[in-house]
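Heads up: the structure comes next, in structure tokens.
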């Protein structure tokens, strides 16, 4: 099996990120809830995408790219952080985003404006259309370019969360469960694969904030990342555990998500967002309430950032 150190990686994040117990939440939910502070990765407003971009932008640099394209919704945390990391490395980011959601200059759009980022919108629901437009623009520019998929969710990006689970294993802490948001599949895939490799007694749940077929998407990314690592550990469909908390739809606040945001803010002074982490934490609450999480369990909530979206979306 290859080691993570065998892959090109640019140290962008402040690692390891802190882990601490949420005492008030633990009391309310009747189980031991801990939090992994991946909102503190150190660039932009922090967030999980920086771990992925350490590997993705290293791959881009190795391939001689001067321009980096990525995509997502109008308030994509991944897109904003790709712009921030690319600019830090002296590369030119171009964001070609779906014209869906809040396109006004607030939230992540404001942050991209402050970075003087080239942001373009396409009125389409097809990422295939957007990737084709990346090729058209890249060829028009005549400079070497690199395309990062939505969410940085491919095998290379997933290595960032395989590395996160190794980081957790190296800390010596034991967790019965890890709960993370499931928005494009890559973070969950890396966490689940990393747990199989380094924390085999830990159960990983991806909380769906979108309605895509994540049973297929996440499994595919896990297998692709396992192939990169040349591990012979089998990756099976039963390795993907999902909980659907999408509610009324992607990037549309849900009552459960809003209640989870309020619970975290009022009891721990931490601010989740209505698109990803609010719904993910609502999933953890549901697991506690339905008995999936036992009183004696140690449960880790992966706080993947996303605070920019809190300032763009009306939660009423």
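In the list 315, 222, 263, which residue meets the criterion of being outside the structural domain of residue 34 (by TED's automatic domain parsing) and out of contact with any strand residue (DSSP E or B) (no Cβ under 6 Å at 6 or more places or on another chain)? Give the derivation first.
Working: 222 fails: outside the structural domain of residue 34 (by TED's automatic domain parsing); 263 fails: outside the structural domain of residue 34 (by TED's automatic domain parsing).
Just a single option satisfies the conditions, and that option is 315.
Matching residues to (1) modelled with pLDDT under 95; (2) in the same structural domain as residue 294 (by TED's automatic domain parsing); (3) farther than 23 Å from residue 314 by Cα:
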residue: 43; (1), (2), (3): no, yes, yes
residue: 58; (1), (2), (3): no, no, yes
residue: 90; (1), (2), (3): no, no, yes
residue: 93; (1), (2), (3): no, no, yes
residue: 109; (1), (2), (3): no, no, no
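Please state which of the following conditions residue 125 fails to meet, knowing it meets all the rest: (1) closer than 18 Å to residue 49 by Cβ; (2) at pLDDT below 95.
Residue 125 satisfies all of (1) closer than 18 Å to residue 49 by Cβ; (2) at pLDDT below 95 except (1).
Please give the helices (runs of 4 or more DSSP H) falling wholly within the stretch 216-316 in which 3 or more residues are at pLDDT 95 or above, touching a helix residue (DSSP H, G or I) at 6+ places or on another chain (Cβ under 8 Å) and surrounded by fewer than 20 Cβ atoms within 10 Å (Cβ to Cβ).
Working: elements: 255-268, 277-289, 307-310.
Helices (runs of 4 or more DSSP H) meeting the threshold: 255-268.
For the structure I just gave you, tell me whether residue 194 is assigned by TED's automatic domain parsing to the domain that holds residue 81, crowded, with 17+ Cβ neighbours inside 10 Å and assigned to a helix (DSSP H, G or I). Write out each step before concluding.
Working: assigned by TED's automatic domain parsing to the domain that holds residue 81: no; crowded, with 17+ Cβ neighbours inside 10 Å: yes; assigned to a helix (DSSP H, G or I): yes.
For residue 194, the condition - assigned by TED's automatic domain parsing to the domain that holds residue 81, crowded, with 17+ Cβ neighbours inside 10 Å and assigned to a helix (DSSP H, G or I) - is not met.
Do we find that residue 140 is in contact (Cβ under 8 Å) with a residue 24 or more places away in the chain, assigned to a helix (DSSP H, G or I) and either surrounded by fewer than 21 Cβ atoms within 10 Å (Cβ to Cβ) or touching a helix residue (DSSP H, G or I) at 6+ places or on another chain (Cβ under 6 Å) (or both) in this structure? Outline the logic, then answer.
Details: in contact (Cβ under 8 Å) with a residue 24 or more places away in the chain: no; assigned to a helix (DSSP H, G or I): yes; either surrounded by fewer than 21 Cβ atoms within 10 Å (Cβ to Cβ) or touching a helix residue (DSSP H, G or I) at 6+ places or on another chain (Cβ under 6 Å) (or both): yes.
It is false that residue 140 is in contact (Cβ under 8 Å) with a residue 24 or more places away in the chain, assigned to a helix (DSSP H, G or I) and either surrounded by fewer than 21 Cβ atoms within 10 Å (Cβ to Cβ) or touching a helix residue (DSSP H, G or I) at 6+ places or on another chain (Cβ under 6 Å) (or both).
Of the conditions (1) outside the structural domain of residue 94 (by TED's automatic domain parsing); (2) under 16 Å from residue 163 (Cβ atoms), residue 27 clears all except one; give me its number.
All conditions are met except number (2).
Kindly establish whether residue 88 is over 14 Å from residue 157 (Cα atoms) and in contact with a strand residue (DSSP E or B) (Cβ under 6 Å, 6 or more places away or on another chain).
Details: over 14 Å from residue 157 (Cα atoms): yes; in contact with a strand residue (DSSP E or B) (Cβ under 6 Å, 6 or more places away or on another chain): no.
No.
Out of the stretch 94-110, which residues are crowded, with 21+ Cβ neighbours inside 10 Å and outside any loop (DSSP other than H, G, I, E, B)? Can you show your working first?
As a first pass, look at the stretch 94-110 and keep what is crowded, with 21+ Cβ neighbours inside 10 Å: 94-98, 101, 107-109.
94, 95, 96, 97, 98, 108, 109, listed by residue number.
Considering every residue within the stretch 39-61, establish whether at least one is out of contact with any helix residue (DSSP H, G or I) (no Cβ under 8 Å at 6 or more places or on another chain), in a helix (DSSP H, G or I), crowded, with 21+ Cβ neighbours inside 10 Å and in contact (Cβ under 8 Å) with a residue 40 or more places away in the chain.
Within the stretch 39-61, one or more residues are out of contact with any helix residue (DSSP H, G or I) (no Cβ under 8 Å at 6 or more places or on another chain), in a helix (DSSP H, G or I), crowded, with 21+ Cβ neighbours inside 10 Å and in contact (Cβ under 8 Å) with a residue 40 or more places away in the chain.
Given the criteria buried (at least 18 other Cβ atoms within 10 Å of the Cβ), assigned to a helix (DSSP H, G or I) and at pLDDT 95 or above, does residue 13 qualify? Spell out the reasoning first.
Values: buried (at least 18 other Cβ atoms within 10 Å of the Cβ): yes; assigned to a helix (DSSP H, G or I): no; at pLDDT 95 or above: yes.
No.
I'd like the full set of residues that are part of a helix (DSSP H, G or I) and either in contact with a helix residue (DSSP H, G or I) (Cβ under 6 Å, 6 or more places away or on another chain) or crowded, with 24+ Cβ neighbours inside 10 Å (or both), limited to the stretch 197-213. Quick ask: steps written out before the conclusion?
Just the residues of the stretch 197-213 that are part of a helix (DSSP H, G or I), to begin with: 197-198.
Within the stretch 197-213, 198 is the sole residue that qualifies.
What number of residues in the stretch 62-93 are surrounded by fewer than 17 Cβ atoms within 10 Å (Cβ to Cβ) and not in a helix (DSSP H, G or I)?
So the count comes out to 5.
The values are calculated or read from the model by the stated rules, or taken from the named source; none is laboratory data. Just so you know, these numbers come straight off a predicted model, no measurement behind them. So basically every Cβ, Gly included, is an ideal-geometry build from the backbone, and we count neighbours across all protein chains shown.
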